[in-house]
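Worksheet: the structure to be examined is printed underneath.
The values are calculated or read from the model by the stated rules, or taken from the named source; none is laboratory data. No experiment lies behind these values; they were computed from the predicted model shown. Here Cβ is always computed from backbone atoms with ideal geometry, including for glycine, and neighbour counts include all displayed protein chains. Please note that ligands, DNA and RNA were not included when accessible areas were found on the heavy atoms of the full protein model with its side chains. Shrake-Rupley method; radii C 1.70, N 1.55, O 1.52, S 1.80 Å.
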Amino acid sequence: MSKQVRSPMAVTWSVWRALVLREALDRLFDMRAAWFWLLMEPVLHISFITFIFTVIRLRTLGGIDTTVWIVVGMLAFFMFRRTAIQVMYAADSNKPLFAYRQVQPFDTSVARGVLEAFLMALVSAIILMGAALLGHDVRPDDPLQVLVTMFGLWLFGVGYGLVASVLMALVRETEHILKIMMMPLYLISGIIMPISAIPQPYRDLLLFNPLAHGVELVRKGFSTYYHMVPGVSLGYLYLWGVVSLCLGLVLYRRFTQQLVMK
């Protein structure tokens, strides 16, 4: 009997599918109620910030419901943050698999990135349905803009994670710097404070942050009445996403051996 030879693409697809299933089982069942905490992290963030704005009796922000403003901005940021962190540690967490020559470090990053996109879509749907049950109008006025912007945030998260994982492999101490950077990004991306409330010239400085563009565009997609900050650009977000992704791919190709052996 002749042995069937699979094409490189067929082998790659099989590897990606197996890795996604493995990562899904690991994310959802690696500890007790892991799936619960996957949902509760953004819920707790949203609940805390919503409580603060409720106490100060601020019912609208930028022309839309405060709760919707917080929920949408938080979900947009978490799409980037969770994707970046999962991709960042993909190679480090799957080193035993590199004994199989079919599995490369980039394969594990792809698997984690795809899985995180699916999980965030599921978590976002649950949270938005919960907000709708509480009486908030969470129907997006421009669903296409929301999807395109969320994809841009995911793309930037993947690129950030790829570059960060290589930096960690080369200089381990950079892990602490990369972790610390997440908190400033959380504060300067318009998640808990409107960028429009920041006076000039500091507002323009904040717009160098591509996440601020993504968050503003997602909110605008949910409500055409939202007063978006001037200068926000979808192209700017995608520029950062594509450049970071390409840079990450180049670094992965150049330092594959370090990623496998670190």
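Number of residues in the range 82-100 that are open to solvent by 60 Å² or more (accessible area, probe 1.4 Å) and under 14 Å from Val158 (Cα atoms) equals 0.
Identify, please: which residue in the range 227-238 is in contact (Cβ under 8 Å) with a residue 24 or more places away in the chain and farther than 13 Å from Thr149 by Cβ and is, among those, most open to solvent (accessible area, probe 1.4 Å)? If we take residues in the range 227-238 being in contact (Cβ under 8 Å) with a residue 24 or more places away in the chain and farther than 13 Å from Thr149 by Cβ, then His227 is most open to solvent (accessible area, probe 1.4 Å). Search the range 81-96 for residues being part of a helix (DSSP H, G or I) and not aliphatic (A, V, I, L, M), and hand back the single one that is farthest from Ala117 (Cα to Cα). The selected residue is Pro96. Would you be able to say whether some residue in the range 101-115 is of a type in the set (S, T, N, Q), buried (at least 20 other Cβ atoms within 10 Å of the Cβ) and modelled with pLDDT of 85 or more? Within the range 101-115, one or more residues are of a type in the set (S, T, N, Q), buried (at least 20 other Cβ atoms within 10 Å of the Cβ) and modelled with pLDDT of 85 or more. Contact map, the range 70-96: residues that are without any contact (Cβ under 8 Å) to a residue 60 or more places away in the chain and small (Gly, Ala, Ser) paired with residues that are open to solvent by less than 20 Å² (accessible area, probe 1.4 Å) and assigned to a helix (DSSP H, G or I), Cβ distance under 8 Å, separation 6+ or inter-chain. Pairs shown: Ser93/Thr108.
Take the conditions modelled with pLDDT of 90 or more, open to solvent by less than 30 Å² (accessible area, probe 1.4 Å), assigned to a helix (DSSP H, G or I) and of a type in the set (A, V, I, L, M, F, W, C) and apply them to Leu128. Does it pass? Walk me through how you get there before you give the answer.
On the way: modelled with pLDDT of 90 or more: yes; open to solvent by less than 30 Å² (accessible area, probe 1.4 Å): no; assigned to a helix (DSSP H, G or I): yes; of a type in the set (A, V, I, L, M, F, W, C): yes.
Spelling it out, it is not the case that Leu128 is modelled with pLDDT of 90 or more, open to solvent by less than 30 Å² (accessible area, probe 1.4 Å), assigned to a helix (DSSP H, G or I) and of a type in the set (A, V, I, L, M, F, W, C).
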